[in-house]
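Remarks on the structure that follows.
Please treat every number below as a calculation from the coordinates, not as lab data. These figures come from a predicted structure and were not determined experimentally. Reconstructed Cβ throughout: ideal geometry from the backbone, glycine too, with neighbour counts over all protein chains shown.
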Amino acid sequence: MSTEIQDTLNQLYRTWCGKDAQQIIPISADGSERRYFRILGSSSPTIGAFNPDSKENEAFLSFSEHFKSHDLPVPEVFLSNRKRNIYLLQDLGNETLFSLCSKLRQGEKSSNQLVKLYQQVLEMLPRFQILAGKTLDYSICYPRSDFDKQSIYWDLNYFKYHFLKLSEVPFDEQGLENDFKLLVAFLMEADCRYFLYRDFQSRNIMWFKKRLFFIDYQGGRRGALQYDVASLLMDAKADLSWEIRHELLEYYLKVVADLIPLDHKSFLKYYLPYALVRILQAFGAYGYRGLYQGKTHFLQSIPYALHTLKGLLAQGNIPISLPSLTNTLERMTDSESLFQRPGDVNPGLTVHIQSFSYKNGIPRDRSIHGGGFVFDCRILPNPGRFPQYSHLTGRDTDVIQFLKKKLEVTQFISNTNKVVDQALKHHQSRNFTDLTVFYGCTGGQHRSVYCAEKLATLLKNRNNLKINLSHRELKQKI
């Protein structure tokens, strides 16, 4: 498929500049299904884009034209083929607001330079929201024309099912739903007549030829002013101090007040609740792209987002009571495992050993780097077929003696241990932090439990090795 896309892009490039591309280089785009390519040829470097979602393409191309008509700094669209879902864009290089600020932090007077740069961004944001937003055709917005109740519920459920469920943070489902309803109703009281950029964060702001440019606005729709400024200032890995966040928010409000009448108190009433929704949406993305798909970039963002969330909760300015949600968020920010960053110095290797039943599915690897083994114990003799063992587990003496006498069990244990031992030597030599080993059987009660226990016993006295042993179907943590 990649070759087909590149051939189609080359045809479009030839139509645009009259010559074939010399090179088409894929650019990663971890956060979406869109695919980008840097095209090198006789013309200036160009970005080729392919997105199978034609409605999202239409929103991006139409928004780009509209923003250009308002002299806003967005990439120029050179040529598009809507039927083939491809288009050519101005290449704005690789420097983002995020990467530039990371460099500024390393120098002297970094705080002043960083604040001035963000002030430039905040001078531009209301021009998108208010000036261009006033005449924008919201019927082309995708997937909805407004950031309404449905949109917010989508984000809250994204957080619940793709972060809370995957990270196994306990929560009261009905209590959480009750709080979601209260939060959504409160947010809908805000003034929602403006353009909401949707993903207004430091990685979507480019620094090109000493100018700011803005990208990735295709998810925009009509909504409240508070959301976008919260997206920027609460951007997890940008890691702004709360002092700078407050300073920049006040600067933004002054810029807005020059364009429209602004009730300062009313704006702040809804600001932190919108900031909370934005942070929860981000957690949903980190859960789906990181915990589910295993992409390190998103896993690395989780501790930063938790730090930001902890600071937001400390502000104490959310004017409605959300007891279940607050309790859940406090559990998240108290979780030591969630705060662990991939790549942090870790004393030794942790081996996660778990038994399970195939009836309930293979467990998901929750470790940071991912990887390990799933061993199928169903090929072994099953004590569960005998009445005297049916109520026991692989930790009970009678079951242990039954399995210990079986040659095929002994061989299985020896073979799997050799494979694990090879992985351990490799992981420790590379300073990896985690290795996962799952043992599964029919009920998750006898054979898998026995094998998991045997491996844990074998490894428990190894140097620089931590053992995390659990039996999923027995519902007990060792």
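Overview of values
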item	result
Whole-Hz couplings from phi, Karplus 6.51/-1.76/1.60, listed for region 67-83; x for Gly and Pro	5, 4, 5, 9, 6, 8, x, 10, x, 6, 8, 7, 6, 9, 10, 4, 5
Simple label model, 7 Å out from Cα along Cβ direction - residue 468 to residue 203, nm	2.4 nm
Inter-label distance, nm, simple model (7 Å from Cα along the C-beta direction), residue 134/residue 115	3.1 nm
Note, ³J(HN,Hα) from phi for region 234-245, Karplus 6.51, -1.76, 1.60, rounded to Hz, x at Gly and Pro	9, 3, 4, 6, 5, 6, 6, 6, 5, 4, 5, 4
For residue 318, distant residues with modelled amide H under 5 Å away	none
Förster radius 51 Å - calculated FRET efficiency between residue 246 and residue 475 (Cβ-Cβ, nearest 0.05)	0.65
Packing-based ranking, highest mean first, of 78-90, 314-326 given that Cβ atoms within 10 Å are counted	78-90, 314-326
Normalised alpha carbon radius of gyration of region 349-477 [divisor 2.2 N^0.38 Å]	1.02
Whole-angstrom Cα spans of region 97-339 along principal axes, big to small	47, 41, 33
Extension reserve of the residue 81-residue 257 stretch, reckoned as 0.36 nm per residue once the Cα distance is removed	59.3 nm
Residues residue 4 and residue 188, FRET efficiency given R0 of 45 Å [Cβ-Cβ distance, rounded to 0.05]	0.50
Neighbour cut-off at most 13 other Cβ (10 Å), DSSP loop, trypsin sites (Lys or Arg not before Pro), region 437-470	460
Derived scalar couplings ³J(HN,Hα) [region 378-383; Karplus, 6.51 cos²θ - 1.76 cosθ + 1.60; whole Hz; x for Gly, Pro]	5, 7, 9, x, 9, x
Loop-located GluC sites (Glu not before Pro) in region 39-128 whose Cβ has at most 16 other Cβ within 10 Å (DSSP)	76, 95, 108
Scattering curve values for the chain, log₁₀ I(q)/I(0), Debye with Cα scatterers, q = 0.08, 0.09, 0.13 Å⁻¹	-0.62, -0.75, -1.21
Peptides ranked, highest mean first, by Cβ atoms within 10 Å: ranges 259-270, 280-291	280-291, 259-270
Cross-link reach list, lysines versus residue 269, counting only Cα pairs under 28 Å and skipping chain neighbours closer than eight places	116, 134, 149, 160, 181, 237, 254, 310
Within region 210-239, trypsin sites (Lys or Arg not before Pro) in DSSP loop having at most 15 other beta-carbon neighbours inside 10 Å	210
Placed amide H near residue 437: partners under 5 Å, 5+ positions off or other chain	352, 353, 354, 373
Added length on full extension, which subtracts the Cα-Cα distance from 0.36 nm per residue, residue 266 to residue 326	19.3 nm
Interchain or long-range residues, amide H under 5 Å from residue 79's placed H	88
Residue pairs, from the table 103/210; 359/425; 454/475; 295/418, whose Cα atoms sit over 23 Å apart	359/425; 295/418
Unmatched cysteines, the chain - criterion: no other Cβ of a Cys under 4.7 angstrom	17, 101, 141, 192, 451
Normalised contact order of region 2-90, rounded percent, pairs of Cα under 8 Å and 6 or more residues apart	24 percent
